[in-house]
Amino acid sequence: MSEQSGDLRALVEQIAKGLVDAPDQVSVNQVESEQTTVLELKVGPNDMGKVIGKQGRTARAMRTLLSAAGLRFHKRFTLEILE
């Protein structure tokens, strides 16, 4: 795991913990490939709507942060919210 992708994993985890009611159920798993890093976010079942947001705005904002960071590190980051 490279240092910058570890920082982004921690960033997504910190943002999600700030949004949910049960921060102890938040976990972020990182799956790396050559050009893409997938961050898999898992939250408690009652907190799914808080992470996604109205009309997906919160999830879209987190994905925008990841894509902006990806430009800086010349790598593509994607966020998947798992149930």
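The values are calculated or read from the model by the stated rules, or taken from the named source; none is laboratory data. Small disclaimer: the values here were computed from a predicted structure and weren't measured. FYI the Cβ positions are ideal-geometry reconstructions off the backbone, even for glycines, and counts take in every protein chain you see.
Within the bounds of segment 40-51, is there any residue that is among the basic types (Lys, Arg), touching a residue at least 12 places away in the same chain (Cβ under 8 Å) and either farther than 19 Å from residue 83 by Cβ or in a helix (DSSP H, G or I) (or both)? Yes, the conditions are met somewhere in segment 40-51. Within the set 71, 66, the sole residue that is surrounded by 12 or more Cβ atoms within 10 Å (Cβ to Cβ), at pLDDT below 95 and of a type in the set (A, V, I, L, M) turns out to be 66. Return the residues of segment 48-64 that are touching a helix residue (DSSP H, G or I) at 6+ places or on another chain (Cβ under 7 Å) and not small (Gly, Ala, Ser); say none if nothing qualifies. Those that are touching a helix residue (DSSP H, G or I) at 6+ places or on another chain (Cβ under 7 Å) and not small (Gly, Ala, Ser): 50, 51, 52, 58, 62.
Residues in segment 5-37 that are in contact with a helix residue (DSSP H, G or I) (Cβ under 9 Å, 6 or more places away or on another chain) and in a loop (DSSP other than H, G, I, E, B) were compared, and the one that is surrounded by the fewest Cβ atoms within 10 Å (Cβ to Cβ) is 21.
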